[in-house]
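Below is one structure, written out as structure tokens; the observations come after it.
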Amino acid sequence: MKLQHSNPIQAMLIFALLLVLLSGCAGGNTEITLSVNTTSDGKSLAGVWISLTPQNENIESRLQSTDANGSTIFTIDAGTYLLSASKEGYSSEIIEREFAESGELNVELKPISGAGS
């Protein structure tokens, strides 16, 4: 069996491409699953607006609404964030938290008395 010598430029380009691909895989993004539940009956609460505001000024805030299961998924860089959860008829919740790895965060909202919800 005869081995062929590869083109050095081609080998360098393949190596550079592999480095780019590998650095993208280890980008340090943290996937956070946020579940929002009411405290009155423990059931999931859909339609809650979740805002994530990073303490790093170079990253934009994210705003998403929870689905029918009371959950939403954010893919964010590790760091400290201010999380705000709000829905009409419920008291808002604000939490400051550092996220260093993937995980789940449960946020419970309390109904406001006389709000008709």
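The values are calculated or read from the model by the stated rules, or taken from the named source; none is laboratory data. As the structure is a computational prediction, the values presented were derived from the model and not from experiment. Methodologically, a virtual Cβ is constructed for each residue, glycine included, from the backbone with ideal geometry; neighbour enumeration extends over all protein chains shown.
Out of all the residues in the range 69-117, which are surrounded by 15 or more Cβ atoms within 10 Å (Cβ to Cβ), under 18 Å from the mean Cα position of the chain (by Cα) and more than 27 Å from Asn56 (Cα to Cα)? Residue satisfying the conditions is Gly70 alone. Would you check if there is a residue in the range 40-52 being surrounded by 10 or more Cβ atoms within 10 Å (Cβ to Cβ) and at pLDDT below 60? Yes. Restricting Leu13, Leu3 to those that are at pLDDT below 90, outside any strand (DSSP E or B) and either surrounded by fewer than 11 Cβ atoms within 10 Å (Cβ to Cβ) or among the hydroxyl-bearing types (Ser, Thr, Tyr) (or both) reduces the list to Leu3. Looking across the range 39-52, just one residue is under 11 Å from the mean Cα position of the chain (by Cα) and hydroxyl-bearing (Ser, Thr, Tyr), and that is Ser51.
When the range 77-106 is filtered for residues that are aliphatic (A, V, I, L, M) and under 18 Å from Val48 (Cβ atoms), the ones remaining, listed by number, are Leu82, Leu83, Ala85, Ile94, Ile95, Leu105.
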